[in-house]
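In what follows, a structure is listed as structure tokens, so that the remarks can point back to it.
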Amino acid sequence: MQKKILDVKGLETRFRTDEGVVHAINGVSFEVNEGETVGIVGESGCGKSVTMLSVLRLIPMPPGVISAGSAEFYEQDLLKLSEKEMQSVRGAQIAMIFQDPMTSLNPVLTIGKQLTEPMLLHLSISEEEADRRAVELLEMVGISEAEGRLKDYPHQFSGGMRQRVMIAMALSCNPKVLIADEPTTALDVTIQAQFVDLVKRLQADLGMAIIWITHDLGVIAGLAQRMMVMYGGLFIEEADVKELYANPQHPYTVGLLGSLPRLDGKHAERLVSIDGLPPVLYAPPTSCPFAPRCEFVVEKCLEENPALEEVAPNHKVACWVDIATGRMK
Amino acid sequence: MLTYIIRRLFILPLILIGVTMLVFAMLSMLTPYERASLYVSDIPKRQGAIEDIVKKYGLDDPIHIQYWRWMVGQKDEVTGEIDGGILRGDMGFSTVGHMPVAEVIKHRLPATAELALLSAIPLIGLSVWMGIKSAVHHNKLPDQILRVLAIIGWSVPTFVLGLLLLMFFYAKLDWFPPERLSLWASQIVQSGEFTRYTQMNTIDSLLNLRFDIFLDALRHLVLPVITLSIISWAFLLRVTRSSMLDTLRQDYMTTARAKGLNERRVIKGHAVPNALIPVITVGGMTLIGLFNGVVITETIFNYPGLGKFMAASAAMLDVVSVLGMTLFSSFVLVFGNLIVDVLYGIVDPRIRLD
């Protein structure tokens, strides 16, 4: 039986903007077990990053506010901790890496300083010990001549190498959970593959759980055990990876998978896309957020927002319609 | 880093020579007769007197020969020695100052330097600190207050502020007088019992352990320093604030917070080093500008610095002095630029490895 280490229930986050209050997340719930890899997939703007930033309470508090929900990490609600207690969780228990390696590292501090910073903060070790560990970490992520590299600055590294440094930094205090927010989006395809291999290897060695956010369905397929699809600030489908790709049950997921260009596709075929744009919600959704773009829409979709329900073992979907038949369930 | 500095040092003499050429070009825009008459105070009695002067000093020789002579000096007909020239520090004779231009500059530089340093150091420290605070508390009360103060400081003309301060704090209250020292203090300073080290009253009085003179010197500096620094203070505050706001938006700030650092460390260790980079450039140039002397402030407070000298020379059409000051100012600027460049390289590692 896997041990549940992160249990998020009913998370809601809102942002006050000039145009009104944006309801970015509207009741998100998920679990993460020890050592497993969970993928969160969705379009830009659906709320994936905001979800994880809310769990770590990195949302700027004006204009944002976490208005409801709980996030239990080893049975301690992160949303109820003091800021000081939160600081001892960030970087030490739960670490996060971000999308753009070119801007995510501080350009005027050496790599060594940035690597040793979390270690000196969270672990009671000396500076020499921290430097030694920093070298080990760089070697672990595949950066050669690590010792000399400590004195280098971020601009002396390529994008792929900077992302490796980010991972090294994130894993420096052996966190239980690594949150990766679209870490390969800004990398070349070949570098992406190398990076994914690296992460797989690190997980095998260190055993941390990984939450991998992406909008690239290709990358996540080889990495995650479970997947969650997000739309309009809500999870609309959840399943084991193979099951999701084989039997998507939500019209949005079907659309997403259908829009992937295939190597074996016909040469002159037009790429399939889903018409319309993802919504920006100025009020909590009272109807299904995907209804305006859905080809299976029925009247109930416009009246009530479906909740996540299990339709197969370990497979939940939030939809009123059975897409196999096109009729209401 | 070293190659960066050495490269800049190599270019330095070239730039300086270029400056001298420019200044000389300005000088040679006057005709030989006009240049001769710079030194003639009365209408000559004899008919060919001006032409004789022109011939004697070679004022109608080809320009490159004149330039060469201006730079390296003239051969004395009697002794055969070569003397004078810019390279030897001879910038000509100042009618206004009644001594060689170089002497005037040497004489007045400490006063200007004292004013500049005293204005710059507290001002830079204060405005940078306030700019950072303003940005961190963006749109809250401290920020709003500082922004208003900065706009007022930026908008008030120097002469208005200076005169108002002088009227109130000197004429009415007699707290802060103009000029450099009171009569009793300058008598002591000029006497044998006071040793001059830097020619700056504040430093020298401390070195002589005369705290009464030190306080007197400070008293005289208060108003000109305030007048001078308000505009620079306002400017630097806005630059710092804007740079800091920009920095706070960067991705690496989120990374820093995600590592579990508290907000103070995030601001101090991650934001400030980045935000200060443009501030150093601007602050450095402000300081250099102050060293060139500030005409209005020095005139209002009757402060015997380079600015007042420059203004008087211009008013009296003392071309030689004006050009000498131009040369001096340019040199100060070029050297100051070099220092700012080096500082920039120290603070921003991306620059020094180009």
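The values are calculated or read from the model by the stated rules, or taken from the named source; none is laboratory data. These numbers come from a predicted model, not from an experiment. FYI the Cβ positions are ideal-geometry reconstructions off the backbone, even for glycines, and counts take in every protein chain you see. Side chains included, ligands, DNA and RNA excluded: accessible areas come from the protein's heavy atoms. Shrake-Rupley method; radii C 1.70, N 1.55, O 1.52, S 1.80 Å.
Structure summary
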read-out	value
Accessible area in the full protein assembly, largest first, 1.4 Å probe, for B:R265, A:R270	A:R270, B:R265
Segment A:206-318 - charge dipole about Cα centre, Lys and Arg +1 at Cβ, Asp and Glu -1, debye rounded to 20	320 debye
Solvent exposure of segment A:135-191 as accessible area per residue, Å², 1.4 Å probe	39 Å²
Using alpha carbons only: equivalent-ellipsoid semi-axes of segment B:31-90, gyration tensor based, whole Å	23, 13, 11
Compactness of segment A:137-238 as Cα Rg over 2.2 N^0.38 Å, two decimals	1.15
Whole-angstrom gap from segment B:221-271 to segment A:170-189, using each part's C-alpha centre	30 Å
Heavy-atom accessible area, 1.4 Å probe, ligands and nucleic acids excluded: residues of segment A:99-119 down by at least 50 Å² from chain alone	A:T103, A:N106, A:P107, A:V108, A:E117
Estimated FRET transfer efficiency (B:L209, B:L22; beta-carbon r; R0 45 Å; 0.05)	0.45
Alpha-carbon Rg/Rh ratio, for segment A:282-329, with Rh computed the Kirkwood way	0.98
Percent antiparallel among DSSP beta bridges (both partners in the protein assembly as shown, rounded to 5)	65 percent
Average other protein chain Cβ within 10 Å of Cβ, residues B:119-130	0
Accessible area in square angstrom per residue, segment B:99-347, 1.4 angstrom probe	47 Å²
Most positive-pole-ward Cα, B:P122, B:I296, B:T240, against dipole of segment B:99-347 from beta carbon charges	B:T240
Protection-proxy order for peptides B:2-11, B:239-248, B:58-67, each taking the mean of Cβ atoms within 10 Å per residue, highest first	B:239-248, B:58-67, B:2-11
At least 50 Å² accessible surface lost relative to isolated chain, residues of segment B:229-259 (1.4 Å probe)	B:D251, B:Y252, B:T255, B:A258, B:K259
More than 29 angstrom apart: percent of Cα pairs within chain A	41 percent
Mean Cβ neighbour count within 10 Å, used as a protection proxy, ranking A:31-41, A:175-185, A:203-213 highest first	A:175-185, A:31-41, A:203-213
Portion, in percent, of the accessible area of chain A that falls on carbon or sulfur, probe 1.4 Å	51 percent
Mean accessible surface per residue for segment B:31-90, computed with a 1.4 Å probe while every protein chain stays in place, in Å²	77 Å²
Members of A:K48/A:K200; A:K3/A:K242; A:K3/A:K151; A:K80/B:K140; B:K140/B:K259 lying beyond 32 Å, as alpha-carbon distances in this model show	A:K3/A:K151
For segment B:99-347, with +1 on Lys and Arg beta carbons and -1 on Asp and Glu, the positive-most of B:L287, B:I132, B:F168 along the dipole	B:I132
Segment B:5-94 - percent of accessible surface contributed by carbon and sulfur, probe 1.4 Å	65 percent
Solvent-accessible area of B:K172 with every protein chain in place, 1.4 Å probe, in Å² to the nearest 10	150 Å²
Separation in nanometres of the label points that stand 7 Å from Cα toward Cβ, at A:V280 and B:R350	2.9 nm
Cα-based Rg and Dmax for the protein assembly as shown, where Dmax is the largest Cα-Cα distance (Å)	36.0, 120
Protection proxy ranking, peptides A:21-29, B:135-143, average beta carbon neighbours within 10 Å, highest first	A:21-29, B:135-143
Value in Å of the Kirkwood radius, where segment A:185-329 supplies the Cα pairs that are averaged	17.0 Å
Accessible area that becomes buried as A packs against B, both chains, 1.4 Å probe, Å², nearest 100	2000 Å²
Using a Förster distance of 45 Å, the FRET efficiency for A:S158-A:A312 (Cβ separation, nearest 0.05)	0.55
Residue order for B:V272, A:V311 - accessible surface, 1.4 angstrom probe, largest first	A:V311, B:V272
Diffusion coefficient, µm² s⁻¹, Stokes-Einstein with Kirkwood Rh over alpha-carbon pairs of segment B:99-347 at 37 °C and 0.692 mPa s	164 µm²/s
Kyte-Doolittle mean at least -1.0, axial Cα span of 15 Å or more - DSSP H helices of chain B	B:2-27, B:101-136, B:141-155, B:211-248, B:272-291, B:319-347
Chain A, helix-only ellipticity at 222 nm - DSSP H runs n ≥ 4, -39,500 (n - 2.57), divided by all residues, nearest 500	-8500 deg cm²/dmol
